[in-house]
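Let me begin by presenting the structure, written as structure tokens, before commenting on it.
The values are calculated or read from the model by the stated rules, or taken from the named source; none is laboratory data. No experiment lies behind these values; they were computed from the predicted model shown. In this analysis, Cβ positions are derived from the backbone assuming ideal geometry, glycine residues included, and neighbour counts consider all displayed protein chains. Ligands, DNA and RNA are stripped out before the accessible areas are found, and what is left, the full protein with its side chains, is counted by its heavy atoms. Shrake-Rupley method; radii C 1.70, N 1.55, O 1.52, S 1.80 Å.
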Amino acid sequence: MTKDTMIGVDLAKNVFQLHGASMTGQMQFRKKLSRQGFFKFMAEQPPAVVVMEACGSAHYWAREMTRLGHEVKLIAPHYVKPFVKRQKNDAADAEAIVIAAQRPEMRFVDPKSAEQQSRAILFRARERLVHQRTELVNALRACLYEYGHVVPQGIHQIRRIAEILDAPNSDLPDLMREECRDLLEQIAEKTVRIDARTGKIKAQTAEADMARRLQTIPGVGPLTALAVEAFAPPMENFRCGRDFAAWLGLVPRQFSSGGKERLGRISKAGQPDIRRLLIIGAMSRLNWLGRKSIPEGSWLARIAARKPRMIVAIALANKMARTIWAMLTKNEDYRVPAQVPAA
């Protein structure tokens, strides 16, 4: 059915601002509705194109509007901002959403399913616990540093810290030891919670065919596979593997003008979790153990011999991103590439 109305919605917790316009841009209505009134109003409307910013609760409302028969489009907030006229308010934001969505070259965000959002919440919960544990470890190291004990960074130093606190001939005050032991108990509790989340992630990735296929790539584990499944849009949205790598921010940032091409560092645009995990996976292939699996004369061996390690890791992460795109669009497992002799 051809839809002749586009409704821009400025989402909020309790008050929703709507801007209705024809597909050619003529304004039809403006409304400010409560949460209950918004749902009732949209249920009574004929099928229309509903556009919202990709912000908090946007994916939930996208699913609800789809159930009501509307076509939903989500747009990134930074693509809407240039179309806001003069003063910023809810009505101006809703109008700007419609104007931005009617641009033929505009890019949209695919709504996520409830299962995708659940996996994303699981991933974020583990990340949050890891950050909290790191904060506790650093606080414990800072306490010991005040008494002349320098402990290197890393969770694996916990045993060394415990030995310092339990040393019989230590000059540490009893009150300080009590507080540090309390921090050790909190760290142990966070570790148990992190291990539980890690087990859930491994179980989730073992059941999904897409995640299993991704883990056949060297350097891609359960965390990376879950992040791609939870945060990445369908690979059909990208024309080629380079577009997916550019979406992740793994390509050089351009400063080109006047026909002269200038390339800088990687742009770091797009989804940061997938990018970070791909780089970590690439670094794992470049350490002393991972290098044993790199064939002599391969592309990776040649570039690793002449470039700094971090640059090689970025290049390998870029290649991994392109491989992910190719595997998911072709529904194939990873195949070891044939070696090409150096020129």
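Some points to look at:
- Flag for R126 being modelled with pLDDT of 95 or more, surrounded by 15 or more Cβ atoms within 10 Å (Cβ to Cβ) and under 30 Å from S170 (Cβ atoms): no
- One residue stands out in region 54-69 among those that are open to solvent by less than 40 Å² (accessible area, probe 1.4 Å) and touching a residue at least 24 places away in the same chain (Cβ under 8 Å): the one that is nearest to F108 (Cα to Cα), namely A54.
- Among the residues of region 1-53, those that are among the β-branched types (V, I, T) and either open to solvent by less than 40 Å² (accessible area, probe 1.4 Å) or in a strand (DSSP E or B) (or both) comprise T5, I7, V9, V15, V49, V50, V51.
- Figure legend. Inter-residue proximity from region 132-160: first residues basic (K, R), second residues open to solvent by 40 Å² or more (accessible area, probe 1.4 Å), beta-carbon distance below 6 Å, spacing 6+ or different chains. Indicated pairs: R133/K190.
- Of all residues in region 137-156, those satisfying the criterion of being part of a helix (DSSP H, G or I) and surrounded by fewer than 16 Cβ atoms within 10 Å (Cβ to Cβ) are N138, A139, A142, Y145, I155, H156.
- Test for A92: is it open to solvent by 30 Å² or more (accessible area, probe 1.4 Å), more than 30 Å from L223 (Cβ to Cβ) and of a type in the set (G, A, S): no
- Some residue of region 274-294 being at pLDDT 90 or above, farther than 20 Å from A211 by Cα, open to solvent by less than 90 Å² (accessible area, probe 1.4 Å) and touching a helix residue (DSSP H, G or I) at 6+ places or on another chain (Cβ under 6 Å): yes
- Among the candidates K112, K88, the residue that is in contact with a helix residue (DSSP H, G or I) (Cβ under 8 Å, 6 or more places away or on another chain) and assigned to a loop (DSSP other than H, G, I, E, B) is uniquely K112.
- So G219, is it outside any helix (DSSP H, G or I), touching a helix residue (DSSP H, G or I) at 6+ places or on another chain (Cβ under 6 Å), open to solvent by 40 Å² or more (accessible area, probe 1.4 Å) and not hydroxyl-bearing (S, T, Y): no
- Criterion (touching a residue at least 12 places away in the same chain (Cβ under 8 Å) and under 19 Å from A326 (Cα atoms)) met by exactly one of R239, R275, R253: R275
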